[in-house]
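What follows is a single structure, written as structure tokens, with notes after it.
The values are calculated or read from the model by the stated rules, or taken from the named source; none is laboratory data. What you see is a predicted model; the values in this text were computed from it and never measured. With ideal geometry, Cβ positions are generated from the backbone for all residues, glycine too; neighbour counts draw on all protein chains shown.
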Protein chains: 2
Amino acid sequence: MNLEDIRELVVKNDTKIVLLVIDGLGGLPRPETGRTELEEADTINLDRLAYDGLCGVTVPVALGVTPGSGPGHLALFGYDPLKYRVGRGVLEALGIDFDLRKQDLAARGNFCTVDSQGVITDRRAGRISTETCVALCEALSGITLPGVQVFVQPVREHRFLLVLRGEGLVEGIADTDPQRVGATPLPAQPEKPEAQATAGLINEFVAQARERLADKHPANMLLLRGFSKWPDLPLMGDVSGLNAAAIAVYPMYRGLAKLVGMTVLPTGTTIEDELATAQERWNDFDFFFIHYKTTDSRGEDGDYDAKVAAIEEVDHALAGIRDLAPDVLMVAGDHSTPSLLAGHSWHPVPFVIWSRWCRRDGVEAFDENSCYAGGLGVFPATSVLPLALANAQRLMKYGA
Amino acid sequence: MNLEDIRELVVKNDTKIVLLVIDGLGGLPRPETGRTELEEADTINLDRLAYDGLCGVTVPVALGVTPGSGPGHLALFGYDPLKYRVGRGVLEALGIDFDLRKQDLAARGNFCTVDSQGVITDRRAGRISTETCVALCEALSGITLPGVQVFVQPVREHRFLLVLRGEGLVEGIADTDPQRVGATPLPAQPEKPEAQATAGLINEFVAQARERLADKHPANMLLLRGFSKWPDLPLMGDVSGLNAAAIAVYPMYRGLAKLVGMTVLPTGTTIEDELATAQERWNDFDFFFIHYKTTDSRGEDGDYDAKVAAIEEVDHALAGIRDLAPDVLMVAGDHSTPSLLAGHSWHPVPFVIWSRWCRRDGVEAFDENSCYAGGLGVFPATSVLPLALANAQRLMKYGA
């Protein structure tokens with residue numbers, strides 16, 4: 001069901017909904033034991049919620065597709081990630097908490113190495129240190145262009161963010177990154193006539209940058225991709241009638257929440273801080289997106305035991321969330337991050353929803369195999385928001 | 001799979017298919033026992049069918065969406081209810097067995113109360129009695145409009161049906177009901193230029209009605225919504241090759257069957273009457289839609305025990321349906337109606353299909369949790385028709 005159809009059905013009431021996103025939630029069994037991280041972890045609170053609630057596994061984008069953080073979260077917020085796309089430049093800006101504005105054009109940048117003929121010999125400039133990246137970005141920040149402001153912000157190692165700010169900047173510029181060594185960087189080409197002037201500005205930026213980087217080998221050139229502007233997503237408040245707040249430690253997730261119009265609440269650096277923020281602001285909002293990152297980070301590290309420990313940490317915090325007595329409580333993941341793969345994966349993600357009206361199934365533990373057998377089966381993550389609204393009795397009947 | 005794709009695969013044979021729709025089939029557990037109405041009811045025949053057949057739970061519209069009767073039934077007949085929409089005026093006409101024709105424009109009406117300034121003070125005119133409604137409709141039936149016939153038919157309490165009959169009436173008129181008190185009724189506005197003349201006729205009707213209702217406080221004005229004409233649905237016979245009959249006690253369900261081109265068979269007022277009708281006409285059709293209403297009515301009443309009793313009544317009738325020895329027998333619901341919610345709900349609906357070729361699963365009882373674990377899982381109700389055709393060996397292979 002698309003967002004416009006949902007919007008037609010929405011009614012408001014004073015119920016409260018919590019969506020706890022455990023980043024990279026699903027895993028894979030460790031060969032020695034045949035148990036996944038979730039099966040191994042001691043999760044009394046998650047298991048109790050599964051027992052009381054209705055379980056299933058979500059498919060964030062499509063079966064077989066490994067989601068990035070952007071698509072994984074947008075789906076949980078109700079947005080079809082194949083329809084609503086967020087450019088890489090914008091995601092990079094969100095990830096470093098850059099104050100991106102609607103008129104800005106953002107791009108993901110790489111410092112790279114070129115030879116004396118200008119041919120790329122290393123697309124990542126030997127993965128220079130983040131300190132070097134900071135210094136190079138400072139050098140490039142002095143570049144001036146007619147009619148626009150230039151921001152060059154370090155991200156990590158060879159990665160940086162370029163933002164042009166000004167009136168009339170247009171999306172639809174092809175990447176300057178040819179994605180292979182042995183080629184020269186491409187000029188910024190407009191993909192439509194309206195983007196001609198913007199492409200000219202970018203080429204002027206690149207020309208000036210090339211001069212300033214000429215003696216900075218191995219980082220003596222740069223590549224740009226994912227030119228994009230703030231995407232015009234329907235606002236979650238308009239679609240769902242929810243006054244939604246986001247509580248997240250990492251900038252990327254605060255940024256994704258901002259994209260859909262949630263109010264981002266200042267918080268600390270731990271899940272306890274996030275819980276305290278939810279408690280303090282409990283009366284001010286009717287939807288709380290609470291993000292827990294460590295499960296994904298330890299999965300990305302390939303550290304099975306540390307991911308188990310992270311699951312146990314968030315399980316402990318779940319008790320505090322239940323104490324807030326939301327009308328609807330959901331635990332979801334944006335994607336799986338099995339520590340055996342040390343990265344995001346395509347595996348459907350365990351999910352549980354509890355409300356007074358959820359109609360519990362027979363699931364008694366919160367793990368991958370138990371959730372497969374749940375009453376929601378294998379289902380698209382974009383159904384999470386309508387399910388939440390339904391359980392909060394915030395959706396009218398469709399048709400007479 | 002859409003209807004056009006199904007049509008390409010259809011072959012005819014002499015199999016017989018029965019779809020028993022138990023209206024409002026799914027429920028919620030009563031807190032005292034933790035058991036749903038289906039779990040509580042003594043259902044030897046449904047359980048036996050579940051044991052012999054293949055089970056699952058249907059999603060009528062989308063996860064989280066509570067269907068009205070129209071969308072719920074259209075989905076079971078194979079029509080995507082988000083694509084094929086039936087206006088409220090048309091549904092109101094079907095619900096009172098009004099002989100709606102293709103040229104007619106129908107609207108749902110409310111009698112309402114306005115103050116001396118014409119501002120709405122009660123959108124339902126204090127829920128006047130049905131007797132009063134009948135008298136008011138008679139008073140309005142005398143209204144004459146140029147070139148069209150006017151029908152004003154009572155429905156119940158403050159609700160009535162308006163039908164204009166004549167050449168050239170056009171859909172696409174905005175509701176006159178502002179959906180709130182404190183506002184004045186809106187003029188009928190055309191949503192496209194071709195609807196201008198039709199809007200003029202409606203405004204003329206409203207002007208005359210206002211005069212006739214002026215001294216009928218509290219029902220001294222009316223509101224109209226859901227202007228709609230007979231929807232141009234593909235006919236079920238064309239799509240599926242089935243010669244389909246409908247057996248239903250209530251007009252709404254006979255009307256929905258008529259919309260898709262089923263032959264509506266006269267019947268009595270009980271499930272036994274419906275069963276007798278099926279027996280009598282068994283040789284004349286190859287698809288029988290049999291509708292049982294009481295489960296929904298008792299669910300809407302919020303009467304758990306009465307809904308349990310209704311389930312037991314229809315379970316008893318199921319034995320008679322099996323005696324007819326259809327090649328394919330399905331039991332479905334158009335939506336859930338938990339007595340705890342006293343209304344339709346979004347919960348997926350238990351479903352079972354039996355045929356010689358169904359490939360039974362391990363389900364041994366017909367209830368919500370047992371069906372969750374069935375071989376069909378959680379699946380769209382629009383798949384019920386293709387599954388029926390397949391089990392009747394009425395669908396060819398797709399592709400070589």
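Considering only residues in segment A:381-400 that are part of a loop (DSSP other than H, G, I, E, B) and within 9 Å of chain B (Cβ to nearest Cβ), the one that is farthest from residue A:18 (Cα to Cα) turns out to be A:400.
Among residues of segment B:224-249 being more than 18 Å from the chain's Cα centre (by Cα) and part of a loop (DSSP other than H, G, I, E, B), the one that is surrounded by the fewest Cβ atoms within 10 Å (Cβ to Cβ) is B:243. Please determine whether any residue of segment B:24-39 is surrounded by fewer than 22 Cβ atoms within 10 Å (Cβ to Cβ), in contact with a Ser or Thr (Cβ under 6 Å, 6 or more places away or on another chain) and closer than 24 Å to residue B:1 by Cβ. The answer is no, given that none of the residues of segment B:24-39 is surrounded by fewer than 22 Cβ atoms within 10 Å (Cβ to Cβ), in contact with a Ser or Thr (Cβ under 6 Å, 6 or more places away or on another chain) and closer than 24 Å to residue B:1 by Cβ. Summed over segment B:75-97, the residues that are surrounded by fewer than 24 Cβ atoms within 10 Å (Cβ to Cβ) and either assigned to a loop (DSSP other than H, G, I, E, B) or free of Cβ contacts under 8 Å to residues at least 24 places away in the same chain (or both) give a count of 8. Among residues of segment A:1-12 that are surrounded by 12 or more Cβ atoms within 10 Å (Cβ to Cβ), those with a Cβ under 7 angstrom from a residue that is assigned to a strand (DSSP E or B), sequence gap 6+ or separate chain, pair up as A:9/A:395; A:9/A:398; A:10/A:395. Every condition in (1) in a loop (DSSP other than H, G, I, E, B); (2) out of contact with any Ser or Thr (no Cβ under 8 Å at 6 or more places or on another chain); (3) within 13 Å of another protein chain (Cβ to nearest Cβ) holds for residue B:100 except the one numbered (3).
Considering the conditions (1) touching a residue at least 12 places away in the same chain (Cβ under 8 Å); (2) surrounded by fewer than 19 Cβ atoms within 10 Å (Cβ to Cβ); (3) assigned to a loop (DSSP other than H, G, I, E, B), residue A:121 is excluded by exactly one of them, (3).
Check segment B:51-64 and report whether any residue there is out of contact with any His (no Cβ under 6 Å at 6 or more places or on another chain), closer than 23 Å to residue A:397 by Cβ, part of a strand (DSSP E or B) and more than 14 Å from chain A (Cβ to nearest Cβ). No, segment B:51-64 has no match at all. Considering only residues of segment B:328-380 that are among the hydrophobic types (A, V, I, L, M, F, W, C), out of contact with any strand residue (DSSP E or B) (no Cβ under 6 Å at 6 or more places or on another chain) and within 13 Å of chain A (Cβ to nearest Cβ), which is surrounded by the most Cβ atoms within 10 Å (Cβ to Cβ)? For segment B:328-380, the residue satisfying everything is B:346. Considered as a group, the residues in segment B:314-327 that are in a loop (DSSP other than H, G, I, E, B) and within 18 Å of residue B:51 (Cα to Cα) include one that is farthest from the other protein chains (Cβ to nearest Cβ), and that residue is B:325. Taking residue A:72, is it in a loop (DSSP other than H, G, I, E, B), small (Gly, Ala, Ser) and over 25 Å from residue A:127 (Cα atoms)? Criteria not met by residue A:72.
Rundown of residues vs (1) among the small types (Gly, Ala, Ser); (2) within 23 Å of residue B:354 (Cβ to Cβ); (3) within 20 Å of the chain's Cα centre (by Cα), yes/no style:
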residue: B:270; (1), (2), (3): no, no, yes
residue: B:278; (1), (2), (3): yes, yes, no
residue: B:282; (1), (2), (3): no, yes, no
residue: B:308; (1), (2), (3): no, no, no
residue: B:314; (1), (2), (3): no, yes, yes
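Of all residues in segment B:34-65, those being touching a helix residue (DSSP H, G or I) at 6+ places or on another chain (Cβ under 7 Å) and either among the hydroxyl-bearing types (Ser, Thr, Tyr) or modelled with pLDDT under 95 (or both) number 3. Among the numbered criteria (1) more than 9 Å from every other protein chain (Cβ to nearest Cβ); (2) of a type in the set (Lys, Arg); (3) under 26 Å from residue B:156 (Cβ atoms), which single criterion is violated by residue B:88? The number of the failed condition is (1). For segment B:337-365, how many residues are assigned to a strand (DSSP E or B) and over 19 Å from residue B:47 (Cβ atoms)? Number satisfying all stated conditions: 1. Restricting the first member to segment A:292-313 and to residues that are part of a loop (DSSP other than H, G, I, E, B), and the second to residues that are of a type outside the set (S, T, N, Q), the beta-carbon pairs closer than 7 Å and six or more apart or on different chains are A:293/A:23; A:293/A:249; A:293/A:250; A:301/A:342; A:302/A:342. Pairs are defined by a Cβ separation below 8 Å, a sequence spacing of at least 6 or placement on different chains, a first member in segment A:263-287 that is free of Cβ contacts under 8 Å to residues at least 12 places away in the same chain, and a second member that is assigned to a helix (DSSP H, G or I); the pairs so defined are A:266/A:277. Taking segment A:196-223 as the range and being assigned to a helix (DSSP H, G or I), free of Cβ contacts under 8 Å to residues at least 40 places away in the same chain and not β-branched (Val, Ile, Thr) as the test, the residues that pass are A:196, A:197, A:199, A:200, A:203, A:207, A:210, A:211.
Screening A:33, A:15, A:43 for residues that are farther than 27 Å from residue A:279 by Cβ and of a type in the set (Ser, Thr, Tyr) leaves exactly one candidate, A:33.
When segment B:67-85 is filtered for residues that are at the interface with chain A (Cβ under 7 Å from one of its Cβ atoms) and over 13 Å from the mean Cα position of the chain (by Cα), only B:82 remains.
Residue-by-condition table, conditions (1) touching a Pro at 6+ places or on another chain (Cβ under 9 Å); (2) on the phi < 0 side of the Ramachandran plot:
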residue	(1), (2)
A:28	yes, yes
A:41	no, yes
A:47	no, yes
A:64	no, no
A:71	yes, yes
A:79	yes, yes
A:94	yes, yes
A:99	no, yes
A:106	no, yes
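Report yes if some residue within segment B:250-259 is of a type in the set (Phe, Trp, Tyr), in a loop (DSSP other than H, G, I, E, B) and either surrounded by 15 or more Cβ atoms within 10 Å (Cβ to Cβ) or within 20 Å of the chain's Cα centre (by Cα) (or both); otherwise report no. Checked segment B:250-259: at least one residue is of a type in the set (Phe, Trp, Tyr), in a loop (DSSP other than H, G, I, E, B) and either surrounded by 15 or more Cβ atoms within 10 Å (Cβ to Cβ) or within 20 Å of the chain's Cα centre (by Cα) (or both).
In segment B:124-143, what residues are touching a strand residue (DSSP E or B) at 6+ places or on another chain (Cβ under 7 Å), surrounded by 16 or more Cβ atoms within 10 Å (Cβ to Cβ) and not in a loop (DSSP other than H, G, I, E, B)? Matches in segment B:124-143: B:133, B:136, B:137, B:140. Number of residues in segment B:104-125 that are under 27 Å from the mean Cα position of the chain (by Cα) and more than 14 Å from chain A (Cβ to nearest Cβ): the value is 7. In the condition set (1) hydrophobic (A, V, I, L, M, F, W, C); (2) buried (at least 24 other Cβ atoms within 10 Å of the Cβ); (3) closer than 30 Å to residue A:304 by Cα, residue A:107 is compliant with all but (3).
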